[in-house]
Amino acid sequence: MTATLLDGNALAKKLRADVAARAAKLTARGHQPGLAVILVGEDPASQVYVRNKVKACEDNGIYSVFDRFPADLPEAKLLARIAELNADPKVHGILVQLPLPKHIDSHKVLEAIAPEKDVDGFHVANAGALMTGAPLFRPCTPYGCMKMLESIEFPLRGARAVVVGASNIVGKPMAMMLLQAGATVTICNSKTRDLAAHTREADVIVAAVGRRNLITADMVKPGAAVIDVGMNRDDQGKLCGDVDFAAVKEVAGWITPVPGGVGPMTITMLLVNTLEAAERAAG
Ligand code: GUN
């Protein structure tokens, strides 16, 4: 193995200790940070993610409200609940777990969240502000990836970065953050011709597609940093990412494992965003 493991659990632990200490300070002043998490429907993966988010709040002194609704919840009811939470002074962050059932317009729902409580960073006001460099909140997964690269002082200025996947949740905001850090960024998508020709040139690869073994060893430049955002299951049902970990770790300079890489960092940045929302509200 040539690659150094980028340990998301270890970095998350360090950052969460800081969150817990700052949350305790706010609580002592009568301003305990609070997060509302909304889950609509029974998607098994979403249920796990949401449970982990609520538990991480509890473990770090953040108050949480967890709303579970059936899959046939009318959109108007969801919008009404968001309006309530927007007005609730105990709640500093609101997260609606995606994907939502098809009859609900996700765009409308995300726009209904007050931008100052949009700890996912998905509201157009925050997504737009990310382009100019000053959002209230950055989307948690790419933010966590940036923290991992910062933790190894990866020289992003002038580096070539390839982001595979162009979602609003990960790929697009990831590209924007890398660009702001001075990288030369290529965003690839499912229509990209000769993906390997792009990734082979990259000093940093961020894989965020959701396809097992998408990134193979021959696609990676020796010494590159490989960040795996994928969350897939292998034939044995074991959690795995988008990167062929066993082979790529022999080529890469740094690599994130799945599990134990980006996952714990996503939740950590949600806690950081919620804490900062509460700090802003407390003045
Ligand atoms: N679904 C997958 N990732 C996310 C995320 O970061 N936030 C929300 N709200 N839903 C998601």
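Within segment 199-218, the set of residues being surrounded by fewer than 21 Cβ atoms within 10 Å (Cβ to Cβ) and closer than 27 Å to GLY128 by Cβ comprises GLY210 only. Taking the criterion of being in contact with a Leu (Cβ under 7 Å, 6 or more places away or on another chain), within 13 Å of the ligand (Cβ to nearest atom) and either modelled with pLDDT under 95 or among the basic types (Lys, Arg) (or both), would at least one residue in segment 128-139 satisfy it? Yes - at least one qualifying residue is present in segment 128-139. Starting from residues that are assigned to a loop (DSSP other than H, G, I, E, B) and under 27 Å from LYS238 (Cβ atoms), keep the ones in segment 203-215 and report whichever is nearest to the chain's Cα centre (by Cα). Filtering segment 203-215 for residues that are assigned to a loop (DSSP other than H, G, I, E, B) and under 27 Å from LYS238 (Cβ atoms), the one nearest to the chain's Cα centre (by Cα) comes out as ALA208. When the residues of segment 260-277 are filtered to those that are more than 15 Å from the ligand (Cβ to nearest atom) and out of contact with any Gly (no Cβ under 7 Å at 6 or more places or on another chain), the one that is farthest from GLN32 (Cα to Cα) is GLU276. Is it the case, given these coordinates, that GLY30 is free of Cβ contacts under 8 Å to residues at least 24 places away in the same chain and more than 20 Å from the chain's Cα centre (by Cα)? For GLY30, the condition - free of Cβ contacts under 8 Å to residues at least 24 places away in the same chain and more than 20 Å from the chain's Cα centre (by Cα) - is met.
Counting residues that are without any contact (Cβ under 8 Å) to a residue 12 or more places away in the chain and either more than 14 Å from the chain's Cα centre (by Cα) or more than 21 Å from ILE215 (Cβ to Cβ) (or both), which helices (runs of 4 or more DSSP H) fully inside segment 86-199 reach at least 2?
The qualifying helices (runs of 4 or more DSSP H) are 106-112, 124-132.
In segment 93-107, the count of residues that are crowded, with 21+ Cβ neighbours inside 10 Å, at positive phi and touching a strand residue (DSSP E or B) at 6+ places or on another chain (Cβ under 9 Å) is zero.
Set side by side, the residues SER46, SER64 differ, and just one is assigned to a helix (DSSP H, G or I) and hydroxyl-bearing (Ser, Thr, Tyr), which is SER46. The condition (being in a helix (DSSP H, G or I), surrounded by fewer than 19 Cβ atoms within 10 Å (Cβ to Cβ) and in contact with a Ser or Thr (Cβ under 9 Å, 6 or more places away or on another chain)) is satisfied by just one residue among ALA281, ALA247: ALA247. Determine whether GLY263 is assigned to a loop (DSSP other than H, G, I, E, B) and of a type outside the set (Ser, Thr, Tyr). Against the criterion (assigned to a loop (DSSP other than H, G, I, E, B) and of a type outside the set (Ser, Thr, Tyr)), GLY263 does not qualify. Of GLY171, GLY121, all but one fail to be modelled with pLDDT of 95 or more, within 15 Å of the ligand (Cβ to nearest atom), more than 30 Å from ALA87 (Cα to Cα) and surrounded by 19 or more Cβ atoms within 10 Å (Cβ to Cβ); the exception is GLY171.
The values are calculated or read from the model by the stated rules, or taken from the named source; none is laboratory data. From a predicted model like this one, the values you see are computed outputs, not experimental measurements. For neighbour counting, all protein chains shown are included, and Cβ atoms are generated from backbone atoms with ideal geometry for every residue, glycine included.
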